[in-house]
Each structure stands twice: as C-alpha cells, then as structure tokens.
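In what follows, a single structure is set out as structure tokens and then discussed.
The values are calculated or read from the model by the stated rules, or taken from the named source; none is laboratory data. These numbers come from a predicted model, not from an experiment. All Cβ positions, even for glycine, are placed from backbone atoms using ideal geometry, and neighbour counts span all protein chains on display.
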Amino acid sequence: MSGRDEKRRMQRADKLIDDIVATGRALETSGASIGELKLVSRALEEMRTAIAMFAPYRGVRKVATFGSARTQEDDPYFRAAEQFSRAIADAGFMVITGAGGGIMEACNRGAGRDRSFGINIRLPFEQGANPVLEGDAKLMSFNYFFTRKLFFIKEAHAVVLFPGGFGTHDEGFETLTLIQTGKCQLMPLVLLDQPRGTYWKTWHRYIEEHLLRRGMISPEDLGLYLVTDSVETAVLEIARFYRVFHSARFVDDLLVLRTNLPLPPALLADLSRDFADILGGHAVEPCPPFAVERDDPATLNLPRVALHFDRRSYGRFRQFINRVNGV
C-alpha cells in the first residue's frame, strides 16, 4: 500500500471511529436505559475483542462448524466431525467452533489446537471450553449469542453442519438466509452426515416438500447447500469453491469478482449469455481494481471481472460461481 493510500485509509478509519463515538454520545439523549447502555457497551467490547483475536489470521481461510454439544465420543457423528476437521485443516483451512463438547470438541481435536478457534458462549450448562482449546489465545467467550453469531459468519469462508439440536438448526437457517439475501459473502454450506445417515436427508426432504413445493423458495436456492455423508465430498466442495473464485465485493452498482486465474474470453462470453437473466443483459467484462478496493491490498494483484448482478438471485449466482470454477 502506497503512502497516499495509507493516509487515505487512516483518514477513513478516523472518521468511522468518530462516528462510533458520536453514536455512543447520542445514546445519552435517546432515552436509553442503564440496561440498554450496558448491552451496547458490552456488545461493542465483545466485538473489539473478537476482531483483535482474528486479526493475525486475516489471510487464512476458515470453516465454521456446528453440531450437538451432547454427541458422545463413541458416536459415528463424533468420528465424522473429527475426520472432516482433520482433512479440511490439512487442505489449508482453520476451523472455528463453539469451543464446547460433543461435535465442537471433535472438530477441534481433528484440526488440532494450532489450527482451531473457539468462540464460546457463557451458559449455566453444557458450554465450558473443551480441553483442546482451554487456555488458548484463539479462544474467547461471548455473553451474547448475536455478537457470537456475527463472528461465526463474518470470519467463515465455509460453514459445515453436523447433526444437532435447536442451535445447529438456528445457525444453519441463519447462514442460508444471509447467503440467500446477500447479507454475507457467498460461501459453501455443507450438511455432513455419518455414512449412510439420514439426518440431513430428512431435513432436505422437508425443504423440498414444504418450502420449495409451496413456492417459498426458488429451485435454484437448493444449490446454496450440499447434503452429503462423505467427508471427502465435503472437503472437495469447499476447496473447489475457491479453485478459481477468490472473493467478491460490490462497488456502486457493480459486483466485482476477484479470481485466482484470468477468465478466458470464451468463458466470459458464455457466462454473459447463459446468465443474462441475472445480469440485466450486460456482458461480464474484465476490469482493473477500483479505487475503493485499495483498502484490501492483498487482492489488488488478482484478476477481476465486473458484473451487473441483480442483487437478489443468489441461487443463480452460485451456479455462476460453479461455472467460473469449472464445476
């Protein structure tokens, strides 16, 4: 980053910090109670602490995993979680769990302490930190579910669900909602069962019979997640997603796709034709980095293309990414 870009970044950071302080001061005249002020203060402190914890690992892709805290070591789901986490860590990803027992401990065991994060929640039951992460610098405890859930999704480049209870389904549906509405980065969502298991197949059948059949979701939305009972397939789904695609961000009315390899002109022409329904008839075209992207210097040397994406057809956009990756 040049000196001028760094100065511009610092000026923008100072302005945002001033805005945060001004918002805090405005609470004084907004009628906020002491309890509400305490909530805001504590939530902001939790966010600050989590940002500091993850900051040294900003350049490493991560997978957030969810599943039941009550799963025992002799359960096939425990073994599947441990095997998956070891394999995805060996593929270069770090693993984020809730740091508790059951599936969370299995995932931390598989990935190992050095390749694991734990973001715990303070509860009067179930949720002490597991022995893999206890005392580690990459472990923190949250008071609020909403701040904790923010960092699960904010830091993740993929999400994997193992069978679990209300919390697992909550995280799964929230991830799907955020992906479907474009409120988080498009990422792989894998629902991983034990070999020949039916837990997620039954869930998927409910989605088809009650949501899709009644028109509450689009057929393309089924492509936003993958149900599998194979650890190998789950790892491949995540690694393949980032084979050519790197990342994306909106710049004004354009969606800028960064890629690990330049996309050939013939592919751009095919994409423009085959996805005209979500591109407003505009062509997919190569572009240089935009000025606002200078705040992300690690991506400035990557090839990129610009899309006139309609900002609502994320199921179709996942199909677009699959084509980019040659799937």
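Quick notes on this one:
- For segment 60-75, the set of residues classified as part of a loop (DSSP other than H, G, I, E, B) and closer than 17 Å to F241 by Cα consists of V60, R61, listed by residue number.
- T29 vs. criteria of a type in the set (S, T, N, Q) and either touching a Lys or Arg at 6+ places or on another chain (Cβ under 6 Å) or over 19 Å from L161 (Cα atoms) (or both): yes
- Of all residues in segment 31-47, those that are surrounded by 10 or more Cβ atoms within 10 Å (Cβ to Cβ) and either within 29 Å of P297 (Cα to Cα) or not basic (K, R) (or both) total 11.
- Identity of the residue in segment 169-221, of a type in the set (D, E) and part of a helix (DSSP H, G or I), that ends up farthest from the chain's Cα centre (by Cα): E209
- Any hit, segment 279-300, residues being among the polar types (S, T, N, Q), within 27 Å of T175 (Cα to Cα) and buried (at least 17 other Cβ atoms within 10 Å of the Cβ): no
Each row is one residue, and each column tells you yes or no for (1) assigned by TED's automatic domain parsing to the domain that holds L307; (2) basic (K, R); (3) on the phi < 0 side of the Ramachandran plot.
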site	(1), (2), (3)
G215	no, no, no
S218	no, no, yes
D221	no, no, yes
L224	no, no, yes
E232	no, no, yes
R249	yes, yes, yes
L255	yes, no, yes
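- Selection over segment 232-271 of residues that are farther than 27 Å from D296 by Cα and either more than 23 Å from the chain's Cα centre (by Cα) or free of Cβ contacts under 8 Å to residues at least 12 places away in the same chain (or both) gives a count of 5.
- When L279, L254, L271 are checked against the criterion of being touching a His at 6+ places or on another chain (Cβ under 8 Å), farther than 30 Å from G3 by Cβ and of a type in the set (A, V, I, L, M, F, W, C), L279 stands alone in meeting it.
- Looking across segment 193-215, the residues that are of a type in the set (K, R) and under 14 Å from T228 (Cβ atoms) come down to R196, K201.
- Looking across segment 260-301, the residues that are in contact with a helix residue (DSSP H, G or I) (Cβ under 9 Å, 6 or more places away or on another chain) and under 23 Å from A55 (Cα atoms) come down to E293, R294, D295, P297, T299, L300.
- Selection from segment 275-303 of residues that are among the aliphatic types (A, V, I, L, M) and not in a helix (DSSP H, G or I): A283, V284, L300, L302
- Test set (1) at pLDDT 95 or above; (2) in a helix (DSSP H, G or I); (3) buried (at least 16 other Cβ atoms within 10 Å of the Cβ) - A306 fails condition number: (2)
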